[in-house]
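Note sheet for the following structure.
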Amino acid sequence: MPGFELFGDLERKEVNDVLDSGVLMRYGFDGMRNGHWKANELEAELAKTFNSKHVQLVSSGTAAVSVALASAGVGAGDEVIIPTFTFVASFEAIMMLGAIPVLVDIDDTLTLDPKAVEAAITSKTKAVMVVHMCGSMANLNALQEICDVNNLVLVEDACQAIGATYEGKPLGSVGDLGCFSFDFVKTITCGEGGAVITNNRDYYLNADHYSDHGHDHIGNDRGAETHPFLGYNFRISELHAAVGLAQVRRLPEFLDIQRKYLKIFQETLSQISEITLRTVPEGGEESGAFFNFFLPDLETTREVIKAFKENGIDACWNYYDNNWHYIRKWDHLKDLKSLFPISEEVKVGLSYLKTTSFEQSDYYIGRNISCLIKLSWTEEEVKSRAQKMAEIIKSLL
Ligand SMILES: *Cc1c(COP(=O)(O)O)cnc(C)c1O
C-alpha cells in the first residue's frame, strides 16, 4: 500500500517549488508564491481522479471524517452508524462533534452488513458511514437504498481503499460525501493529509469554510473575508499538498502494481480448499492495497499468524486482538475514558457497548488474515512469498 516506498524526483520537485517560494500556507500571499498553488492543484487533480465535482483538502483522514459529517449538519446527539471493524479515527471523529457512534456488525465483505445497519436505525440516526477496509468495499447499492428510504446521509470512508471502484465509480464518489487519508502509510501520501469529496455544492462550501475557521474565501484578501459560521483549523499545508500532488499522478502506476500482486496471492492461496477469499460485492474492483482471506477457525488463524512471523512473512495481521481496528479491545471507548467531561446524552448513547456482543463480527474477524501489499516488492518476491504462505498454511491444516 504505502506510496512512500516509491518516493522520487517527482515528489522532490514539487516540494522544492514550495520551498523556493517560501509560502507554506495554502491561502493568500498571492504576490510571493511564484504562481504555486499546490493545494488548489491537488484538489483539481483529485476531482479528476475520483470523478467528483468538489474536493476539500484537510489536515488528515480523521479531520476529513469530522469535516464531512459537520458539512452535512451532523452534530450533538445525532447517531452515526459505523462498522465494528474500522480504525479508531471513525468514532473519534464522530465524538468530536458531540455525536454518537453506533457500531454494528460486519459481514464477509469485512465492512458494514446492510441488515445490521437497518436494524440499528433510530429516530436519532443522521448518517451511515461505511468504512471500506483493506482495499475493498461494502455493498453500496444496498446501503444507498437504506439511506434513501430512511433519509440518511451516506458517508464513505475510503482511506484504505484509494483507487478501488464500485460499478466503475471510484470509492468515495458513490455516497453523499467521501473521505480520504493521505497519511504516511496510505496508498498515496502527503505525510499527513486528507480530503473530503462530494458532488453536493452546499456540503462542499460548508467543508471549505468549516476547515478554515469559517472563512468564506471570497476575494483574495483574507483580512476582508467574513465568517458566515463557526469553524476550525483543519487546513493542509502547501508542503504536504506538494508531496500529494506528485503521488496522485502516480496512482495509476501504484494501482497496477497492487492489483498484479493481489492476483498472484489470490491465485496461489485459493488453491487451498480450506481458504475462502473475502467477498467483494458484485461490480466491485479492489485497490489491491491488501490481500484478505478467511481460514476455518480462530485457532488455526492464530497459529498461521504465529508461523508467518516465525518464517519472515511480515505485514500480515489478524485483527481479533488488535486495539486499533477492532471493537473487542477498545476499552477506552467502552469505559469512556475522556480527558474532559462527556455529555450525558453521549454517555447514555454509548452505554450499549458494555452489553452488546458482536458475535457475527467476531466470526469474520477471528478467521481473517489481512496482508499488506507493498509497492516495493518485485514480482519474483511476491510469487515466492505467496508460495511460502501456502506451504505454511497447508502444514497447519
Ligand atoms: C488511516 C485511516 C483514517 C484516518 O486517517 P489519518 O489521516 O491517519 O487521520 C481513517 N479511517 C481509516 C479506515 C483509516 O485507515
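The values are calculated or read from the model by the stated rules, or taken from the named source; none is laboratory data. This one's a predicted model, so the numbers in the text were calculated from it and none came from an experiment. So basically every Cβ, Gly included, is an ideal-geometry build from the backbone, and we count neighbours across all protein chains shown. SASA here: full protein model, heavy atoms, side chains in, ligands and nucleic acids out. Shrake-Rupley method; radii C 1.70, N 1.55, O 1.52, S 1.80 Å.
Annotation: S384 carries an accessible surface of approximately 70 Å², with a 1.4 Å probe and no ligand, DNA or RNA atoms counted. Considering only P83, T198, N311, and ranking their Cα positions along the charge dipole of the chain that arises from unit charges at the beta-carbon of Lys, Arg, Asp and Glu, the one farthest toward the positive end is N311. For the chain, the longest piece that avoids every one of the GluC sites (Glu not before Pro) found in DSSP loops with at most 15 other C-beta atoms within 10 Å covers 1-166. Measuring nothing but alpha carbons in the range 252-396 and taking Rh as the Kirkwood radius, the Rg to Rh ratio lands at 1.07. All C-alpha pair distances within the chain, sorted into 10 Å bins from zero, spread as 5, 23, 31, 25, 13, 3, 0, 0 percent across the bins. When the alpha-carbon atoms of the range 165-251 are used, the pair Rg, Dmax equals 14.7, 45 angstrom.
When M389, M32 are compared by accessible surface with a 1.4 Å probe, the order from highest to lowest is M32, M389.
Distance between the modelled labels on D331 and T355, one decimal in nanometres: 2.3 nm (7 Å Cα→Cβ projection). Using a Gaussian network model of the chain in which every pair of alpha carbons under 10 angstrom is joined by a spring, one finds that among S273, S52, S361 the greatest mean-square fluctuation is at S273. If r is the Cβ-Cβ distance from H213 to V348 and R0 is 35 Å, what FRET efficiency results, to the nearest 0.05? Rounded to the nearest 0.05, the efficiency is 0.60.
Rounded to the nearest 5, the antiparallel percentage of DSSP beta bridges internal to the chain is 60%. Each label point was placed 7 Å from the Cα along the Cα-to-Cβ direction; for R302 and W37 their separation is 5.7 nm. For the chain, carbon and sulfur atoms together expose 52% of the accessible surface, with a 1.4 angstrom probe and every protein chain in place.
Applying 0.36 nm per residue to the separation of L24 and W324 and subtracting their alpha-carbon distance, the gain on full extension is 104.8 nm.
In the chain, the sites counted are trypsin sites (Lys or Arg not before Pro) in DSSP loop states with at most 14 other Cβ atoms within 10 Å, and the longest stretch holding none of them, exclusive of the sites, is 125-336. Across the range 252-396, the mean sequence separation of Cα contacts (distance under 8 Å, 6 or more residues apart), normalised by length, yields a relative contact order of 39 percent. When only the Cβ of Lys, Arg, Asp and Glu is charged (+1, +1, -1, -1), the dipole of the chain relative to its Cα centre reaches about 440 debye.
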